[in-house]
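Chemist: One structure, as structure tokens, below. Some questions next.
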Amino acid sequence: MAERPKSDADLPDAAVSVDRSSSQKRQVLPLTPSSPAARWALGVILWTLLVIAWGAFVRASKSGDGCGAHWPLCNGEFHPGGMPIASWIEYAHRISSGLVMPMVLWLWVLANRATEPGHILRRTARKVAIFTLIEALLGAVLVKFSLVGENSSLTRAAVMGVHLCNTLILLGFMVAFWWLARGGESVRIRGAGKLSTIFQFSMVGLILTSVSGAIAALGDTLFPAKTLAQGLRQDFSADSPTLLILRTWHPVVSVSVAVMIVVYMSGLLRSNISPAGKKYAKWVLGIVYAQLAIGVINVLLLAPVWMQIVHLVVADSIWIALLLAAFTTCARPEAVGLEQPLTETLSEPAVAGATWRDYLALTKPRVISLLLLTTLLSAFIAAGGWPGGWLLLALTFGGYAAAGAANTFNMVYDRDIDIRMERTAKRPTVTTKISARNAMIFGFALTVFSFVLLTLVANVLAASMAIAGLLFYVFIYTMGLKRRTPQNIVIGGAAGSFPPLVGYAAVANQLPALAWVLFALIFLWTPVHFWALALMIKDEYKDAGVPMLPVVKGERATVIQIGFYTILTAACSLIPIVQGEARTVYLVSAVVLNIFLIQFTAKLIQRPERPQAFKVFKYSMVYLALMFLMIAVDRARWM
């Protein structure tokens, strides 16, 4: 070996350890992207991904008990010769996963050759070895306790969840080893200030998503559906096995976490992080969007084995890309100036102590009041009378929590435009009475509370509809449409149309045609209501850069559109009569309410001025509330 240089200045930059937590030590060999340790680490990562994919095939093909309860032997033999194909599938997984340990031990050898004692690369190699051993032991537990094959116990789901968490941690340390072996800087994510929350939240979210996904995949394997309709009935039936009921949590968790990660990565892209950091952030965004599409396809195709494997591998890819984004961005956190509203003060303390009133303001109680009213009245409509006191309380608090969480996430994301509008400039996220981090925590707490409460007191269908409305509002409207198209409120209006589905499902545990008519009524009513408001504050929207219809197309085009949707709303309100779901009381009420709505709109078209827009805005709220009230009264009279 060549004589070691006498000073760090004689070494290449990549050969100087950057471990901030220990004294500066010089490496025996330079660490570069082409170093033996880096190349071998990359190979170990790829092999581990193949092992993970094959493990998914073992579970999906129900071959986990192919070797019986024997481990490491296969049915008491060293090899499964002459045994069923399931034994060979399971045995192949054991061999491929067993090869990971010697590969990891060689990582340790390479780390010792490349660095001096105490170097972070050696410590990382030890952690890889430890979690590889734990991985093997967890696999043994699954086999020895017969938590494989057709076993559908919650114990199996729990152990699988722990197994998957360990897999992600192991994969994380492997990626960290590769990063360091190629000369990357050592990183302490917890010490990266405002960036810490971004990546810690994202990582925890991905772990929760993966665990819920493992449970969902197990349900798909053990209780396959022949049709999509049958699968949905299984999900929302009280008589279904627990694994199938738990399966409904995965789309809720995954989309929620996807929203969070998209917001975080979008914030990083708007900041002045390094080009490499932006590259990995784009990778995360691209893979997350692809994974959402794959998830939908997986559901539509009834989760075939090959699709489950693709879904899992892409999930691991998100994990790897997120880690690389964290390593690249947090290496020098002092150089990062975050400019996006969410991350700008994500972990900074608020400027003043927040009160309960500030947190209440996050939920936009005045906006929620009408949504909550339609939820409760829809329960009365479904029941044809009194739906029950406990159910109404659950709908009140659960519905408010879901809508409040959606509004909270909206405030966090829209801080940059809220500060430019007089109507929103005093929101607690703008004044920083509540930091973005605390607001996000509050929003996620409300989301969990809503889903759990509605599931326990009502049913999974009602809880899922509440969360679906939340996700549509945040993901589709706030993040996708609001800043991009003047038709934002038309499509985004579907988010405010979910409350009737929540109330109806809570009582009936199904969504018949009448429930969807109530959904459509709010969907068509929303442009009338919201564009009237937009006419009054169009200058604020213009200053904030939000392409609302009055800003982009002008007042005349807006009032014509309001008139068009007024006619559609009036027509939709009469459908319950045609269906035979409502009678005389509702018919008379609907005719009278529609006459006034059309009159107010006609006057607005004649004189598109602020006072007349204000009248349409105010009356539209009365219109919707009375429309739902009268159909509830009508049905209570004859059902």
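The values are calculated or read from the model by the stated rules, or taken from the named source; none is laboratory data. It should be emphasised that the depicted structure is a prediction, and the values quoted were computed from it without experimental measurement. Glycine gets a Cβ as well: all are built from the backbone with ideal geometry, and neighbour counts include every protein chain shown. The area values use the complete protein model at the heavy-atom level, side chains included, leaving out ligands, DNA and RNA. Shrake-Rupley method; radii C 1.70, N 1.55, O 1.52, S 1.80 Å.
Chemist: Looking for something at pLDDT 80 or above and more than 23 Å from the chain's Cα centre (by Cα) - is there at least one such residue anywhere in the range 265-276?
Modeler: yes
Chemist: I want to confirm something. Restricting to the range 115-135 and keeping residues that are of a type in the set (Gly, Ala, Ser) and surrounded by fewer than 23 Cβ atoms within 10 Å (Cβ to Cβ), which single residue is nearest to Leu180 (Cα to Cα)? Working first, answer last.
Modeler: Looking only at the range 115-135, we keep the residues that are of a type in the set (Gly, Ala, Ser), and these are 118, 125, 129.
Filter once more, so that each one left must be surrounded by fewer than 23 Cβ atoms within 10 Å (Cβ to Cβ): 118, 129.
Details: Gly118: 14, Ala129: 16 Å.
Per the stated criteria, the residue is Gly118.
Chemist: Sticking with this structure for a sec: Quick check on my filter: what residues within the range 618-628 are touching a residue at least 12 places away in the same chain (Cβ under 8 Å) and under 12 Å from Leu370 (Cβ atoms)? Break it down into steps so the answer makes sense when it comes.
Modeler: Quick first cut of the range 618-628, residues touching a residue at least 12 places away in the same chain (Cβ under 8 Å) only: 619-621, 623-628.
Residues satisfying the conditions are Ser620, Met621, Tyr623, Leu624, Ala625, Leu626, Met627, Phe628.
Chemist: Can you tell me which residue is farthest from Met421 (Cα to Cα) among those in the range 573-583 that are open to solvent by less than 60 Å² (accessible area, probe 1.4 Å) and in a helix (DSSP H, G or I)?
Modeler: Ile577
Chemist: Inside the range 538-572, can you point out the residues that are farther than 18 Å from Val490 by Cβ, surrounded by 17 or more Cβ atoms within 10 Å (Cβ to Cβ) and touching a helix residue (DSSP H, G or I) at 6+ places or on another chain (Cβ under 9 Å)?
Modeler: Ala544
Chemist: Among the residues of the range 507-516, which ones are open to solvent by 10 Å² or more (accessible area, probe 1.4 Å), assigned to a helix (DSSP H, G or I) and out of contact with any Pro (no Cβ under 6 Å at 6 or more places or on another chain)? Show your work before the answer.
Modeler: Within the range 507-516, the subset open to solvent by 10 Å² or more (accessible area, probe 1.4 Å) is 507-513, 516.
Within this subset, residues satisfying the condition of being assigned to a helix (DSSP H, G or I) are 507-508, 513, 516.
Within the range 507-516, Ala508, Ala513, Trp516 meet the criteria.
Chemist: Additional query: Looking only at the range 408-437, filter to residues that are within 25 Å of Ser202 (Cα to Cα) and open to solvent by 50 Å² or more (accessible area, probe 1.4 Å); which one of those is nearest to the chain's Cα centre (by Cα)?
Modeler: Within the range 408-437, the match that is nearest to the chain's Cα centre (by Cα) is Arg437.
Chemist: So which residues in the range 373-398 are open to solvent by less than 40 Å² (accessible area, probe 1.4 Å), modelled with pLDDT of 95 or more and over 14 Å from Ala458 (Cβ atoms)?
Modeler: Answer for the range 373-398, where residues must be open to solvent by less than 40 Å² (accessible area, probe 1.4 Å), modelled with pLDDT of 95 or more and over 14 Å from Ala458 (Cβ atoms): Thr374, Leu377, Ile381.
Chemist: Same structure, new question: Just to be sure I understand the filter: pairs with C-beta atoms under 7 Å, separated by 6 or more residues or on different chains, first member in the range 147-163 and touching a residue at least 60 places away in the same chain (Cβ under 8 Å), second member buried (at least 19 other Cβ atoms within 10 Å of the Cβ) and part of a loop (DSSP other than H, G, I, E, B). Which pairs pass?
Modeler: Close Cβ pairs (under 7 Å, with a partner that is buried (at least 19 other Cβ atoms within 10 Å of the Cβ) and part of a loop (DSSP other than H, G, I, E, B)) amount to Val148/Gly64; Val148/Asp65; Gly149/Gly64; Gly149/Asp65; Arg156/Leu147.
Chemist: Check the range 252-262 and report whether any residue there is under 19 Å from Leu228 (Cβ atoms) and of a type in the set (Ser, Thr, Tyr).
Modeler: In the first step, residues of the range 252-262 are kept if they are under 19 Å from Leu228 (Cβ atoms); the result is 252, 254-255.
Retained after the next criterion (residues that are of a type in the set (Ser, Thr, Tyr)): 254.
Yes.
Chemist: Collect the residues in the range 245-290 that are outside any helix (DSSP H, G or I) and of a type outside the set (Ser, Thr, Tyr), keeping them in residue-number order.
Modeler: Arg270, Asn272, Ile273
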